[in-house]
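Each reported figure results from applying straightforward, stated rules to the coordinates on display, with no laboratory input. Every value quoted in this text rests on a predicted model; they were computed, and no experiment measured them. Heads up, the Cβs are rebuilt from the backbone with ideal geometry, glycines too, and the neighbour counts pull from every protein chain shown.
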Amino acid sequence: MSKIVAISGTSRPGNYTSRAIRVVSETLREKGADVIEFDACDLNLNFPGFPITEDALKLRSVVKESIGVVLGTPEYHGTFCAMTKLIIENLDFPSVLAGKPVALVGVASGRIGAIKSLEQLKGVCSHVGAIVIPGAVSIAGVHNVFSDSGVVDTAAESALQGVATGMLGFLKEYVCPKYVLEHEGLEDSVRGEGLPAWVASL
């Protein structure tokens with residue numbers, strides 16, 4: 001299967017977004033997906049108009065070659081965090097997210113979760129041409145959801161695992177048929193010949 005990219009979009013030390021993204025990534029791998037993770041804590045990115053960094057070039061290249069993206073953000077002051085926006089800004093223009101299935105995950109300490117940030121992030125991702133997968137997951141009360149050993153809230157864990165199954169389901173039901181029709185032709189798809197490995201593995 002072509003790679004799925006999972007991005008934790010905050011550089012805050014000890015953040016909960018990375019823990020949430022890790023659950024999604026682990027579930028994807030358990031289901032046979034090849035996942036590459038990026039953590040904003042490890043990324044050196046510049047603002048638009050400044051020289052592009054090596055990290056930005058690598059991020060662009062990997063996202064461009066991926067079959068899908070999982071993007072996570074915390075909610076800060078009623079919106080997604082600045083680092084998440086900076087990551088999107090560094091994905092070039094036109095964006096390498098264009099035409100790419102993107103699953104969204106938001107975390108917040110409050111009771112209503114990251115609903116506001118996910119709505120706004122969905123708008124930005126759609127604006128740059130991404131295909132935002134329905135069912136973005138908002139995790140509320142993160143301080144009670146995660147511990148040093150992992151997820152302690154079974155409902156939250158199930159929701160995050162659902163992001164992985166939702167991504168794979170979308171790829172199987174929508175992306176694979178589109179790939180077959182555009183690149184292999186109806187006759188070959190009926191015979192099952194010439195299909196790329198990631199299609200056959202779903």
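Values for this structure:
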{"quantity": "Selected from F38, F47, F80 as most flexible by GNM, with the chain as the system and alpha-carbon contacts under 10 Å", "calculated": "F47"}
{"quantity": "Label point 7 Å beyond Cα of V152 along Cβ direction - residues of region 19-58 with amide nitrogen under 20 Å", "calculated": "19-24"}
{"quantity": "5 angstrom amide H check on Y76, placed H, neighbours 5+ away", "calculated": "C81"}
{"quantity": "For the chain: relative contact order, % (alpha-carbon pairs under 8 angstrom, 6 or more apart)", "calculated": "22 percent"}
{"quantity": "Residue of V152, V70, V102 that the Gaussian network model of the chain assigns the largest fluctuation, springs spanning Cα pairs under 10 Å", "calculated": "V152"}
{"quantity": "Nearby lysines by direct alpha-carbon distance to K3 (threshold 24 angstrom, same-chain neighbours under 8 apart not counted)", "calculated": "K31, K58, K64, K85, K100, K122, K172, K178"}
{"quantity": "Cβ-based charge dipole, the chain, positive-most Cα from V152, V96, I67", "calculated": "V152"}
{"quantity": "Sequence-distant residues sharing a close amide H with A103 (under 5 Å, placed H)", "calculated": "V69, V70, L71, I133"}
